[in-house]
Amino acid sequence: MTSTSIDDLLGHDEESTPGRTRRGRSRYGWLFGALLVAAGFTAVVVFGLRLFSLQVAAPAVFAGLLALLLLRRVTATVAAPPPRPAYTPPDPARDDGSYNWTTEDALRGAVHRWETKLAWSKGESGRFAKGVLPALGELTDERLRLRHGLTRESDPVRARALLGEELWTFLSTPVKRTPAPRELAAIVEKLEKL
């Protein structure tokens, strides 16, 4: 069973901006890649120039191409971030009832993830049991841990008393059907009262 904290659920992954290196790739890895790219382009340039009977020192071409790659790397790291899109108020004529946000926000991202999970599991109890029920269990454990210093696994007797029989049964038994939105709202309300 994987464990996820509220911070993980409400966290927001920043999109990688151009100019930032990918995680896990060291500086030496980038330098090795740049050397390989410069060597490859050097071979192509020298071969192309020799086709036209022009003589150029290969180390000079290699140094020039490597300098260009390094310059590109440096300018990408010091470049200003892209401008944020300007806020445009929603058009009431095109409102379809869905949430349309123009800026990213951790809370909005969490709401969107929950909407996606619930829509994905709609009408299929297997999907609900795999996607939504474990997340509700993790939220319950996190809420119990923060408010009462326990989890369902660490102190099941006290957790069962705090949750109540209906909520305990819902979280611990396999679901036979996807609960209706009204039933889910009642469950969430009980979780909020913990």
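Modelled this way, with points 7 Å down the Cα-to-C-beta line, the labels at ALA135 and GLN55 are 6.9 nm from one another. Of the trypsin sites (Lys or Arg not before Pro) found in the range 22-61, those in coil by DSSP whose Cβ has at most 16 other Cβ atoms within 10 Å are ARG22, ARG23, ARG25.
Computed from the Cβ-Cβ distance with R0 of 22 Å, the FRET efficiency linking LYS193 to GLU124 stands at 0.15.
Provide the packing ranking of 131-144, 67-80, i.e. peptides ordered by the mean count of other C-beta atoms within 10 Å per residue, highest first.
Working: 131-144: 18.6, 67-80: 11.4.
Highest mean packing first, the order is 131-144, 67-80.
Let a ≥ b ≥ c be the square roots of the eigenvalues of the Cα gyration tensor of the range 108-194; is it rounded (a/c under 1.5), or, if not, prolate (a/b larger than b/c) or oblate? Judged from the Cα gyration tensor, the range 108-194 comes out prolate (a/c at least 1.5, a/b above b/c).
Throughout, read-outs are computed from the coordinates displayed, never taken from laboratory work. Small disclaimer: the values here were computed from a predicted structure and weren't measured. Please note: Cβ atoms are built from the backbone with ideal geometry, for glycine as well, and neighbour counts cover all protein chains shown.
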